[in-house]
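Note sheet for the following structure.
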Amino acid sequence: GNSVTQMEGPVTLSEEAFLTINCTYTATGYPSLFWYVQYPGEGLQLLLKATKADDKGSNKGFEATYRKETTSFHLEKGSVQVSDSAVYFCALRSAQGGSEKLVFGKGTKLTVNP
Amino acid sequence: EPEVTQTPSHQVTQMGQEVILRCVPISNHLYFYWYRQILGQKVEFLVSFYNNEISEKSEIFDDQFSVERPDGSNFTLKIRSTKLEDSAMYFCASNPGQGYNEQFFGPGTRLTVL
């Protein structure tokens, strides 16, 4: 079945450091890929998405590129801020069978220190 | 900006009791979902609902669970007889229509079963 594996956390960085959170997936066909973010005390918010191979999703300085050849969708940011401290979830939605459900990774907690 | 709301934010109940978790999806959205996250684990799909019926459900969604859209705005998840292992954060989500990739999540209800 479909699955998502993402880098175990927690991740602690200093402000302005470079961030990478790895995400790989297993799916048939061409799923849509997402990064969701959960700030403390809040729900899941869509951060960025990509719907086909080689697409790059970007938002708020974060980027992720849909790599079909490596089945990956790694999240990157060049310079993190304290306000980026949150839990980040990689997710996919299958392209097949009419399924609407999202399949999530375990989440990676990021803490950015000033 | 429209958002999905959920009540209560925290529900404490005794094992064996029935609970109803409530969600108000974004107005004019057509697809509705419930997910749960047991502490420290993945966000897991429970059920999707469209056109007043369940369109997909996971193996977690057994006979103890039911969903309902009793009026034009609310979407509820009922757990008939709660177990300790039902303790989790429950997220409601909605989506404007088929083919629209993004699901919009509520802030979640933390359910604690004692």
Considering only residues that are open to solvent by 10 Å² or more (accessible area, probe 1.4 Å), touching a residue at least 24 places away in the same chain (Cβ under 8 Å) and part of a strand (DSSP E or B), which ones fall in the stretch A:32-46?
A:SER32, A:GLN38
Residues (modelled with pLDDT of 95 or more and exposed (fewer than 15 other Cβ atoms within 10 Å of the Cβ)) located in the stretch A:82-108:
A:VAL82, A:SER83
Residue list for the stretch B:1-25, restricted to those being open to solvent by less than 20 Å² (accessible area, probe 1.4 Å), farther than 19 Å from A:ALA91 by Cβ and of a type in the set (A, V, I, L, M)
B:VAL19, B:LEU21
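Run down A:VAL87, A:VAL4, A:VAL80, A:VAL103 and say which single residue is more than 24 Å from B:PHE91 (Cα to Cα) and aliphatic (A, V, I, L, M).
Just one listed residue meets the conditions, A:VAL80.
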Of A:ALA64, A:ALA91, A:ALA95, which residue is assigned to a strand (DSSP E or B) and either free of Cβ contacts under 8 Å to residues at least 24 places away in the same chain or within 12 Å of chain B (Cβ to nearest Cβ) (or both)?
A:ALA91
Can you pull out the strands (runs of 3 or more DSSP E) entirely within the stretch B:27-83 that have at least 2 residues that are of a type outside the set (Val, Ile, Thr) and away from chain A (no Cβ under 11 Å)?
B:65-68, B:75-79
Identify all residues within the stretch A:72-81 that are open to solvent by 10 Å² or more (accessible area, probe 1.4 Å) and more than 13 Å from the chain's Cα centre (by Cα); write none if there are none.
A:GLY78, A:SER79, A:GLN81
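The values are calculated or read from the model by the stated rules, or taken from the named source; none is laboratory data. Values in this document were obtained by computation on a predicted structure and should not be read as measured data. All Cβ positions, even for glycine, are placed from backbone atoms using ideal geometry, and neighbour counts span all protein chains on display. Surface areas here come from the heavy atoms of the whole protein model, side chains and all, with no ligands, DNA or RNA. Shrake-Rupley method; radii C 1.70, N 1.55, O 1.52, S 1.80 Å.
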